[in-house]
1. Once you put a point 7 Å from the Cα of Thr270 and another 7 Å from the Cα of Ser163, both along the Cβ direction, what distance in nm separates them?
2. Multiplying the sequence separation of Asp226 and Ser325 by 0.36 nm and subtracting their Cα-Cα distance, what value in nm do you get?
3. Taking the Cα centre of the chain as origin and charging only Cβ (+1 Lys, Arg; -1 Asp, Glu), how large is the dipole, in debye to the nearest 20?
4. How high is the relative contact order of the range 248-317, given as a whole-number percent (alpha carbon pairs under 8 Å, six or more residues apart)?
5. Once all Cα-Cα distances of the range 197-244 are split into 5 Å bins that start at 0, what whole-number percent is in each one?
6. As an exercise, identify the GluC sites (Glu not before Pro) in the range 44-139 lying in DSSP coil whose Cβ has no more than 14 other Cβ atoms within 10 Å.
7. For an R0 of 30 angstrom, estimate the FRET efficiency from the Cβ-Cβ distance between Asp358 and Lys133 and round to the nearest 0.05.
8. Beyond 14 Å, how much of the Cα-Cα pair distribution for the range 297-367 remains, as a whole percent?
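Where a number appears in this text, it was derived from the coordinates with a stated rule and is not lab data. Quantities reported herein were computed from a predicted structural model and do not represent experimental measurements. No Cβ is skipped: glycine too gets one built from the backbone with ideal geometry, and neighbour counts run over all protein chains shown.
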Amino acid sequence: MQYIKFPGSDLMLSKLGFGLMRLPNKDGHIDFAEAHKMTDHAIENGVNYLDTAYFYHHRESELFLKEVLERHGRSNLYIADKLPVGDCKEESDVERIVNHQCEKLGTDHIDFYMFHGLGKGSWQRVQELDAYKKLWDMQKQGRFKHVGFSFHDSPEVLDEILSYGKWDFVMIPFNYYDFKGGRQEQQYEVIKKHNVPMLVMEGVRGGSLSNLPRGLNSMFTDFAPDMSVSSWALRFAASFENVYVTLSGMSTMEQVKDNLKTFSQFKSMTKEENDLIFEMLKEMHNVEQIACTSCNYCDKCPENIEISRCFRSYNEFKVTENQGSLNNNFKDMKNKDRHPDKCTNCRVCVEICPQHLDIPTEFKKVLELVTEN
């Protein structure tokens with residue numbers, strides 16, 4: 001594993017971070033036994049940065065991380081957690097939630113603590129609650145080593161937040177599909193201008209850059225047969241100056257082993273490799289997909305619709321053109337009473353979605369392809 005010294009500290013962080021939001025599931029809960037096998041293997045092979053959040057896996061992720069810390073000890077591991085701004089109705093909620101998180105984690109301090117998913121509205125809420133000052137006061141008390149935020153909004157809002165005061169780090173979605181000519185390229189330049197350390201999430205875009213549509217995988221595998229398609233996405237993100245940790249939300253042991261291979265033999269992208277990525281993207285952009293990353297923030301749907309599964313099924317169909325698989329997925333959603341035809345256009349999901357998808361409109365596009373309901 002390759003490590004990098006985090007600015008302003010003596011911490012040596014693994015360039016690969018384990019994101020604990022896509023752990024294997026069993027009967028609607030984290031499969032603790034399998035997830036421990038995965039995290040054990042990752043830690044034993046050098047991963048020391050573990051990222052969770054208050055509501056990941058229906059609020060089980062922090063409890064799982066507590067067990068990880070009990071198994072491996074805290075001395076060589078660094079944990080990241082996040083404050084759910086939407087759950088803060090008054091100023092006292094900030095400390096109450098932090099205390100609850102520390103209790104669930106079995107610790108008295110968190111190494112990297114951040115406001116979760118800031119955007120224009122949530123940033124305004126942070127200021128109304130004076131929560132920025134509250135976190136820094138708690139940092140002085142030793143509750144956190146570093147304070148930052150994760151972000152889902154425009155470069156202009158990012159610049160406003162970074163200009164407000166001191167920040168130890170910022171984490172943004174960052175991948176080659178959304179980079180060129182898009183918000184991520186501009187966001188990267190804003191972060192670089194402010195000289196704030198950057199962490200990466202969604203480097204493989206929720207897994208969609210692990211299996212490309214219409215046989216485009218071969219453009220990468222023909223060039224480098226010993227490298228996985230996923231590794232191209234992770235190396236692209238991790239090769240940028242000022243990127244310290246690249247998270248991967250791993251769901252299988254196979255993904256853990258592949259990512260460890262990528263970062264134990266890490267080499268920055270060459271110009272030839274970057275050129276190949278953008279050549280492939282010209283082809284990929286001809287295949288329409290829905291920009292869902294399966295983050296499952298939308299699982300608060302009042303109708304209990306399986307939103308991310310709906311879009312994942314659509315995107316898989318665009319790759320495989322397997323009509324039977326698409327139909328079976330939607331038949332199963334119908335049987336479980338979680339089908340998108342229950343949508344009432346309440347738009348709760350739209351307000352939550354980090355990708356700013358118009359989810360009810362996307363449903364209509366998806367359902368046009370389902371031939372059996």
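1. Output for this residue pair reads 4.2 nm.
2. Full extension from Asp226 to Ser325 adds 32.7 nm.
3. With Lys and Arg at +1 and Asp and Glu at -1, about 200 debye.
4. 22 percent
5. So the P(r) values, bin by bin, are 5, 22, 27, 21, 14, 8, 3, 0.
6. Passing both the DSSP loop test and the Cβ count: Glu90, Glu91.
7. About 0.25, to the nearest 0.05.
8. More than 14 Å apart: 57 percent of the Cα pairs in the range 297-367.
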